[in-house]
Each structure stands twice: as C-alpha cells, then as structure tokens.
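Have a look at the structure below, then the notes.
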Amino acid sequence: MAEPRRFYLWVLPALWCLVHSATPASAAPLDRAAFAADLCGDGAAQVRGAEGLVQAGGDLPADDLAFAGRLLGALAERRLSCRAEGAVLLDRPSASEGRDAVSGAPRPVAEARAPVLGLRQRAALETARGTVALLTGADPAARGAGLSVVERRIATVPAAVLDRARDAETDPALKGTIAGLAQAAALSSPDPARRRAAIAAVAASPSGTAQARLAALKSDPAYTADPAFRAALDAGLAQVSRAVAIGDGLAVVYNGLSFASILFMAAAGLAIIFGLMGVINLAQGEFIMLGAYATYGVQEAFRRLAPGLLDLYLFAAIPVAFGAVALAGIVVEALILRHLYRRPLMSLLATWAVSLFLVNLVRVTVGTQNLQFVMPAYVSGGVPLYADFVMTWNRLFAIGFAAATLVLTLLILRRTPLGLDIRAVTQNRDMAACLGLPTRRVDRLAFGLGSGLAGLAGVALCPIYSVNPGMGSGLIVDSFMVVVLGGVGSLVGTLVAALGVGGANVLIEPISGAVAAKVIVLVGIILFLQRRPEGLFAVRRRR
Amino acid sequence: MTHLTRRGVLGTAALLAAPAIIRPAFAADTVKLGCLFSSSGTMANLEGRLNHVVRMAADAINGRGGVNGRQIEVLTSDPASDWPLYAQVGRQMLQQEKVAALFGCWTSVSRKSVLPVVEQNDGLLFYPLHFEGDENSKAVVYVNSPPASSVLPAVDYLMGPDGVGAKRFFMIGSDYVWPRTINKQLKGYWTSKGIPETAWREEYVPFGFSNFQTLVNQVRSFASQPGGQAIVVLTVVGSSIPDFLREFANQGISATDVPILGLDMVEADLEGLDTAKLVGHLNCWAYLQAAKGERNQTFLADWAAYVKAKNVPFSADTVIDPMVSAYDSVHLWALAAAKAGSFAVPEVRKAFAGLSFDDPSGYTLTMTGENNYVSRGVFIGSVNEKRGFDVLWQSPNAPKPVPFSPYG
C-alpha cells in the first residue's frame, strides 16, 4: 500500500494542475444570479445548476460554496421562493417575507411558490449539498456526512472535489477516508498503476455495489491484455466476494435473531400462562397491543411534563407497560377466568371475547390510526457494519430487550418464592395444593406475570411495527406456534423454538418467498410434533 | 334527453301543484343507499373513513332537497375485513333493505366476492378504489382508475428522463389478485418496451405481513447489481405499507437510491411514520390531498367540519383518494338518478352516459355509455416531511379509461 500512496503524492498535484489548465473557465467565481435562476427554473435547469456546482466545486471560492449551500438547503427544505424578480430565501416554509437570495435585501413575499423536487433533481441536489458540506463543513462530523453522500454518487463527482477536500482536511481519519475514496474514483484512469490502486481501494471497502463495479471491469480490454491488471482485479474481486458473502451471512444471523426475539417476546408470557394453568389465552396479542398503547401514554406524558427527556420514554415505559398490562391480566383473571378453570374450552372462548372487547375498546377510545411515536436516535436508522450488513438499531433494541426479559424471567422463576410456587403448581397442582400452596393466588400472580411480559413485548415492538388496535391478531398465531413447538410451559423451550422458527423463516424466505416460508415452517412444525407431541422441551410432570 | 327533461319538469310541476299537506309525507319517503366498508379488521383504518364520507355527501345532497324529491338514507355495515361477509351483507342490503345502490369494497378480493351478488340481484355497486382492471360488469361502476390511467403513467414517469430512468424493477406485493394482476400487466408492459426478464423480480408476502428485514436486504442486493437504476413497485396493502417503509428507511436506503412506487400508499399510511427519511418516494392516484384548487379547499374544509360536528373517529386533516372517490360516487349516483328521474337500477344505468362531475381533484369526471368506467385525472405524489404527498406530476387532462389491459 505504501508504494501507490507515495506515487499519488506527486501524480495527483500534477493532475490537479492539469484539470486547472484544461478548464480555466471553472476557476472563475460562481455566477450567483445565474445559479439562483437555475435552482428556480424547471427540472432540467435545477439539475444543471446542481451538477454545474459539483463540477466546479473543486475550484470555487469558499464564500461562493457557502452561498450555494444556503440556496441548496433552502430549496431542499422548501424555503426557496421563486419569483419573477428572482429567488427569495425564507426563514421557514411559507413565510411571508424573506431575503433576496443574491443581494440579501429584505423582500416581502405575497405567495410562496416553492418548487417540488423530482427524484432526479433531488439526487442532483443531494450530491451538490454533500459536496458543499464536504468542502465547507464546520466540523469533521458535517464534512463526514457530506462525504458519505458524495461517496454514494462517486461517479458524478469530479476528482478535483475530492482532492481539494483531502488537501484541506484537518481531521486525520477523515483525510484518510477521503484519500481512499479519491483513489477508488480512478477505476477508469488511463494510468495502469492508478487503476490497480483504485481496484485495491474499491476492494478495501467491500459492498454489493463495489462487487458490481469490479465485475464490470472483467469485460475491459486490459483484463485480457495486462496480466498485472488481471491479477489485481481477480484478487480484488475475490476479496470483495468473500466480504459480501460474510456480510450476507451476518445479515441472516442478525435477521434471524431479531425475528426470534420478537417471537420470543410475544410467546414468553403465553408459555407461562399456558404451562401453568392450561389456559389458552387468545387475548395475549391484545395484551401486547395494550403494552404498546401504554408506551404511547408514557410518551405523551413525557411530552407534556418533561419534553427534554422525551428520548428516554421507551425506558420509562418498561415498568409502566409491565404494570399496566399485568394489572389488566389480573383483572381479567379475577373477573372471568377463575370461574372457568374447569372448562378449558370456555376459557378459550372467554379470552377470545376479551380480545375482541379490547380491540373495540381501543378503537372507540383512541381510534384505528397508526400511533405516532417519536423515534429516539437509539431506535431509528442503522449502522453499516460490514460489507452490505446494516445493523438497524430498532432490531438491536428488540434483541437486547428480549435477552434482558429472558434473564429476568428466568431469575423470577428460579430464584424467587413466587417462581418456586409457580414451578411447583406447574409440576403438580394437586400435590402443591396439599402442601398448602395457595394455588389460586399463584394462578393469579402467574397470569399477571404472563400478561406483564406481553406488555413488555408491546414496548419492544413499538419501534419496529406499526401500532394500531389490530396489531395483536398477527402475533397470536406465531406465538402459539412457538409455544407448542417449544414444549408447553418451558421458557427455555420457547426460546429455542423462537430461534428455530425465526431462523427457519429468514433462511427460507429468500429462496421460496415469504408466503411459502410461512407454510413450510408450519408444515415442519406439524411434522416435528408428530414425532414429539410434547414439543422440544417437555416439562416433566407426574401423571 | 328531452323525454327525461320533460319528465323532470312534469315532476317538479306536480310537486309544486300538490297541496302543501302532501309535501312532508313526500319528503319523509327516503331512498336507501348501502355502504360496504369495514370498520374492523385489517382494513378498518382505511375503509372506516369511507362510511363517513358517503354520509357526508348524502347530507350535502339532502341539504339541497335530496334526489327526485326524496331524502337519501345511508345504511352502513361492518363486513370486518372478512371477504365472504361482504357478499353476505351486500345481499342483505339489496334484498331486504332494497337499497338503490351499494358503495363499497377496498381490496379487489372483497369486490370479487360481492360481484356475483350484485349481478344476480341486478344491483349497482360503486367501487371507489383504483384497481387491476380486466373486469367490466354492468353492475359495478368503477369510479377510480384502471392501471392504464394510473399505474402506467407513474411507471412511465419513473422510466423517463424526468424520473430516474428506471431500468430494473423489484415488485413486492401482498399475495392476492390485485398485486398479482398489476405485476402481470407491468411485466407485459416492460416486455413490450424491450426490457428483458432478468430486469425484474417479484415477491409476495401474506396479508398483514410485517417482518420486512429479509426482503429489504434483497432489494438492496438487487439494486447493487449492474444493469441500471432499480425501483421498487410496492403493492402490499394495509399495515404492511408503513412496516415496509420503516424498515426501508432504517436500512439507510433513500428515495434517491431506490425509489418506491407505492401503488396503494395513501396519506393515511404515513400517519405514525417519521417521513424525513422517506422523502421522495412516490405514489399515484386520481386525487391527492395536496391537489390545487378551490374545490379541494372546500372539500377539505367540509370534511374537517363534518369530523368535528359528527365526532367521527378519524383524522380531520387527512383526506385520501378513496374518500374523494366515494364522495364522487354518491354524487354520480345522485346525478344519474336525477337524470333518469327514477331509482330503478336499469334506468339509472342508462343515465350514466354523458354524466360529468367536478370533483375536488380539480378535474372533471366524465362517463361514457360504453362501460361503467370513469375518466379521471392522474396525480403522481412525492412523500414530504409532513406525512403527506406533494404533487410531483399531474396529467394535463382526464385520460379515457382502458378497462382491459393489452399487456397482461
């Protein structure tokens, strides 16, 4: 790597001079009025303006770039009012007065005409804004953000922009990244050594796009003519393919884990209730929905009372959702279910009625629309980790949440008196009763615990799925599948089954489609239960 | 025409000549209209609104004295997003309640299940959704657009220089008739444009599917392959739409990388989403809330006032195309019934030819005698930061509808 770097130290300035001497016109300052007129023109003019700025970006004075950045930002945010007398910058969309884009003089605006950007214009505008941010950003973070935009559309950005950014960069890490990108941009350079270096640079940051870019070079005449080029390209391609394969593998593991964590959260409470009391709680999905609505309530409370801490509402919602839904569960148990323990079919119907009641209650009181959640930074977006593998924060939140829930539930079941009682009653209800355990009270508390776990699932689902009154119905089938497969009443079995079902879904989906994946998994479970009717982990009990 | 007008004149004259005592009795005599929109189940959030907008339109017509001297009475129902139930409720409304017309259905599968019922009972169903076409029944008025006048212009836009010059297509749909037929027609269309079969992929998900991680991964790897700009043609319905959009944005794909053309995506689907990362994705409908013009402003104000006055459990400031289409449906029916001077379905049907109505979109709807399709304008919308759509493009006029696609 050292060799090509040194080589660049002299070849790039030479090239820079070449660019300058070849296009002397671009060294002139920006024609501000023409630029503003372009941005206010039709789609083609907007693209011309934005692309022209990117092309000239390597040479423009800093204040011209800042001026262009202001205008581009205003256009993107619809604060640019286009009038016959020229463009006007507004402080906010549809403000009644602003400043003339070129002269800066205050100007009243009777009726704002903010152009709507088409996709092509939007892409050109993004590139131009990225270029300006890369060249004039106040801090490394802003310049880095600009760089990531430029990187996505590297083919449309001239080398001069990257060179200027690299030369001006003070942050060593960012400087290195820009240098690497500048190197990678030279894939079609006439200089063979530069090309080889570019291949290595492209291969150094592997992705599907990089793979496609390199694979396209295979049809290049140099591939057959130049053995050194061929060797470099083959090595680079092999490196990228390997990395992409690893990245895809990581994505499969991550997707499987995240789906499994959702299944586990939805099924954990069900497993306890079903295992202990034999009650098939068809309202479990609606308890999850209640948990999500409780989270919404906490968010609204934060918005009213402590807007500064709004981002933390998800954590504050954990105890609230658990408590609220556990209470709802206990009420349902006390009012309805305790009368029906001897009639399991009736209890099934009763919980179904409860689920219908809850859905309609929420529909009437809150409405059917999807709830509006604030997504704090820790549950929105994602970070590209390796090759094409993006780790999305909301799924990571769910995985962590499920793991914590698992640990806590196991602790409760294994280490607390309540857990001991629950385990005793699960194993042999009559014997436990003979030994003086208040089995009815244990039932009630366990039902509360199981419902509370559903409430927690509701919190975990808020950042992932839409929250509406119908959200529970989609989860109930999957969670029953997991509980039955895992072995009724076994938390560890539920975990293993969730991992198995989640993983199987994620593996089959790309091969045979999402519809078939569901069917295949269901058939697989049925076949498995034919061989082992008690599921993966049958709870040992005396009969 | 003259005959009908004469009858109208005679009717009015008779009404005026009649002793005043008869008038209230006459006015109390109502004509019934039936609604088949679910207010529970997967479609509740979307379909539920349409019940109210039909009522609102009927109230407005009643305020002007009703149709043919009779007040309109709107019957609503709840088929609970359960497709066979639509047929059952529809039959009840036609046979027992003797409704003059039905307004209903969202998904094509619900329309297909009601279709035999309205045909057997010689009823009339106004269907307010844009849909896959390839159907032409005397019993159904297709108030929204078939694909030739909604989907194809949008796809053309995306393939053209104003769009992104799309060359490759990832189709994701819910697994039922509408997405499958639309995709079949699109494939035929692309084939006719010389686009090879390798340039598209087709995936279907079950109703109510929400775990889109793997599919979005696939979109990303599809888009990174060579062969030109890729787009997503999204035909999933219901709550799958926001779930897909959220995953798409979270994985860092923006509209300028891979734009989504959401064919069933309406303003109400964006409720609850952070649309800052979704800006630029597209939809296409015969109406967008952002449509310019006074008629739209009036409609929006009317809806807001209606929501407030009647305590309707839906957002006062979200209006979606099927609402406007349902509203248009009632007016079209009233115009036809007034023109026919009768509520009998055959008479009303005969009156459709030549009807026109100025709807909130700003276009004038027209009907011909050829079929029960309606000419309407087309909008392409672009998602903005405020959970709405900006009008990116709109058709210069209302294209003539083509019920049967030559491409599928």
Nearest-5 percent of antiparallel DSSP beta bridges in the protein assembly as shown?
50 percent
Taking N as the number of residues in region A:69-175, what is its alpha-carbon radius of gyration divided by 2.2 N^0.38 Å?
1.23
Give the calculated FRET efficiency between residue A:175 and residue A:235 to the nearest 0.05, with a Förster radius of 25 Å applied to their Cβ-Cβ distance.
0.40
With viscosity set to 1.306 mPa s at 10 °C, what whole-number translational diffusion coefficient in µm²/s follows for region B:142-256 from Stokes-Einstein and a Kirkwood radius over Cα pairs?
108 µm²/s
What fraction of the DSSP beta bridges in chain B is antiparallel, stated in percent and rounded to the nearest 5?
30 percent
Relative to the Cα centre, what is the charge dipole magnitude of region B:270-408, using +1 at the beta carbon of each Lys and Arg, -1 at the beta carbon of each Asp and Glu, and rounding to the nearest 20 debye?
200 debye
Name the chymotrypsin sites (Phe, Trp or Tyr not before Pro) in region B:251-301 that are in a loop by DSSP and that have at most 11 other C-beta atoms within 10 Å, would you?
none
Considering amide H positions built from the backbone, and no H for Pro or chain starts, which residues 5 or more places from residue B:144, or on another chain, come under 5 Å of its amide H?
B:129
I'm a student and want to see the number: the projected area of the Cα convex hull of region B:205-315, averaged over all directions, in nm².
8.6 nm²
How are the C-alpha pair distances of region B:329-408 spread across 10 Å bins, as whole percents from the shortest bin up?
17, 37, 29, 15, 3
Could you tell me the relative contact order of region A:463-509? Use alpha-carbon pairs under 8 Å, at least six residues apart, and round to a whole percent.
22 percent
If you average 1/r over all unlike Cα pairs in region A:205-335 and invert the result, what Kirkwood radius do you get in angstrom?
19.8 Å
Step through the residues of region B:231-246 one at a time and calculate ³J(HN,Hα) from phi using the Karplus curve (6.51 cos²θ - 1.76 cosθ + 1.60, θ = phi - 60°), rounding each to whole Hz and writing x for Gly and Pro.
10, 9, 9, 9, 10, 6, 10, x, 6, 5, 5, x, 5, 5, 4, 4
Work out the charge dipole of the protein assembly as shown with +1 on the Cβ of Lys and Arg and -1 on the Cβ of Asp and Glu about the Cα centre, then indicate which of B:324, B:372, A:529 is farthest towards its positive end.
A:529
Work from the charge dipole of chain A (Cβ charges, +1 for Lys and Arg, -1 for Asp and Glu, about the Cα centre) and give the residue of A:373, A:35, A:314 farthest towards its positive end.
A:314
Alpha carbon Rg of region A:131-171, scaled by the compact-globule rule 2.2 N^0.38 Å
1.02
Restricting to DSSP loop positions (anything but H, G, I, E, B) with no more than 10 other Cβ atoms inside 10 Å of their own Cβ, which trypsin sites (Lys or Arg not before Pro) remain in region A:297-348?
A:342
Helix-only mean residue ellipticity at 222 nm for chain B, each DSSP H run of n ≥ 4 adding -39500 (n - 2.57), per residue, nearest 500:
-12500 deg cm²/dmol
Karplus-derived HN-Hα couplings along region B:331-337 (A = 6.51, B = -1.76, C = 1.60, θ = phi - 60°), whole Hz, x at Gly and Pro
5, 4, 4, 5, 4, 5, 5
Show the residues, 5+ positions off or on another chain, whose built amide H is closer than 5 Å to the amide H of residue B:71.
B:31
Over region B:32-174, calculate the relative contact order: mean separation of alpha carbon pairs under 8 Å at least 6 apart, over the residue count, as a percent.
20 percent
Counting other chain Cβ atoms within 10 Å of each Cβ in B:37-43 and taking the mean gives 3
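Highest mean first, how do B:234-240, B:369-375 rank when packing is the count of other Cβ atoms within 10 Å averaged over residues?
The packing order, highest mean first, is B:234-240, B:369-375.
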The convex hull of the Cα atoms of chain A, divided by residue count, gives a volume in Å³ per residue of 206 Å³
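Taking the Cα centre of chain A as origin and charging only Cβ (+1 Lys, Arg; -1 Asp, Glu), how large is the dipole, in debye to the nearest 20?
Computed about the Cα centre, the dipole is about 2160 debye.
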Taking each residue of B:158-169 in turn, how many C-beta atoms of other protein chains fall within 10 Å of its C-beta, and what is the average?
2
Residues A:462, A:40, B:105, A:434 in order from fewest to most other beta-carbon atoms within 10 Å are A:434, A:40, A:462, B:105
Measure of size requested: the Rg and Dmax of region A:99-228, with Cα atoms as the atom set and Å as the unit; please supply both.
18.9, 67
Value in Å of the Kirkwood radius, where the protein assembly as shown supplies the Cα pairs that are averaged:
31.1 Å
Charge dipole of the protein assembly as shown built from unit charges on the beta carbon (Lys, Arg +1; Asp, Glu -1), centred at mean Cα; most positive-end Cα among B:250, B:342, B:312 is B:312
Rank by packing, highest mean first: peptides A:95-105, B:379-389, B:342-352, A:265-275, with packing defined as the count of other Cβ atoms within 10 Å averaged across residues.
A:265-275, B:379-389, B:342-352, A:95-105
Radius, Kirkwood style, for chain B when every pair of distinct Cα atoms is counted (Å)
22.0 Å
Computed [θ] at 222 nm, helices only, for chain A once each DSSP H run of length n ≥ 4 contributes -39500 (n - 2.57):
-23500 deg cm²/dmol
Ranked by Cβ crowding within 10 angstrom, fewest neighbours first, how are B:40, B:149, A:148 ordered?
A:148, B:40, B:149
How many partner chain Cβ atoms sit within 10 Å of a residue's Cβ in peptide A:165-178, on average, as a whole number?
0
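Every read-out reported here was derived from the displayed coordinates using simple, explicitly stated rules and does not represent laboratory data. Quick caveat: nothing in here was measured; it's all calculated off a predicted structure. Here Cβ is always computed from backbone atoms with ideal geometry, including for glycine, and neighbour counts include all displayed protein chains.
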